[in-house]
Amino acid sequence: MSTRAAAAPTRREQILSEAARLFAARGFHGVGVDEIGAAVGISGPGLYRHFAGKDAMLAELLVGISERLLTGGRRRVEEAAGDSALVLSSLIDGHIDFALDDRALITLHDRELDRLRDTDRKLVRQLQRQYVELWVDVVRALHPEVAEAEVRVSVHAVFGLLNSTPHLAALGREATESLLRRLAHGAFGALSA
């Protein structure tokens, strides 16, 4: 299950995709609405039919990906029907899809989260905490002998590993996906060592 929609992107989604790419490449303040509009074939002022401004685009990008990760994680837990090993594999696969498909959003989050309004930043953090807790619960079910604090640190470490993809040299999608999957499972497997 990818974090991306299967249908053709709407104009709004096109705008968000280009805004994410441009913001990640040149920074939030380094990009104007005219550039975003030109990237999707409309005038800069035409963007205001879809968004109140660049701040609204940034908020929708960062809140949106946090919501999609949490929703996807919950769906994966539900679909696995209590099989913790299957859930963990599914969570890892889903996060790898996100990391490889949405590299610009990872960069954007790292650089621009502090630019969000307080309410949006708090919402992103709240959604992220819930997503972490999904993983912690699954890993604890697989490794009940490991202290919760150690499990939580391991989950964050795996996120750091998977979210490093914007900085990785290209191996090709399939090879990178396979390597990340092995590394993530290896990291969690080390909890029992």
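The values are calculated or read from the model by the stated rules, or taken from the named source; none is laboratory data. Remember, predicted model here, so these are calculated numbers, not experimental data. Because the Cβ atoms are built from the backbone with ideal geometry, glycine has one as well, and the counts that use them run over all protein chains shown. These area figures cover heavy atoms from the full protein model, side chains too; ligands, DNA and RNA do not enter into them. Shrake-Rupley method; radii C 1.70, N 1.55, O 1.52, S 1.80 Å.
Assorted remarks:
- Rounded if a/c under 1.5, otherwise prolate or oblate - the chain, Cα gyration tensor axes: prolate
- Spin-label zone in segment 121-137 - amide nitrogen under 16 Å from a point set 7 Å from the Cα of GLU148 along the C-beta vector: 129-137
- Per residue, in Å², the accessible surface of the chain once ligands and nucleic acids are set aside, probe 1.4 Å: 51
- For segment 71-146, fraction of C-alpha pairs farther apart than 21 Å, in %: 37
- Dividing the helix sum by the residues of the chain, where each DSSP H run of 4 or more adds -39500 (n - 2.57), gives a mean residue ellipticity at 222 nm of -23500 deg cm²/dmol.
- Largest first and in whole Å, the equivalent-ellipsoid semi-axes of segment 41-100 read 35, 11, 8, each the square root of five times a Cα gyration tensor eigenvalue.
- Once the chain from GLU133 to GLU13 is taken as fully extended at 0.36 nm per residue, the excess over their C-alpha distance is 40.3 nm.
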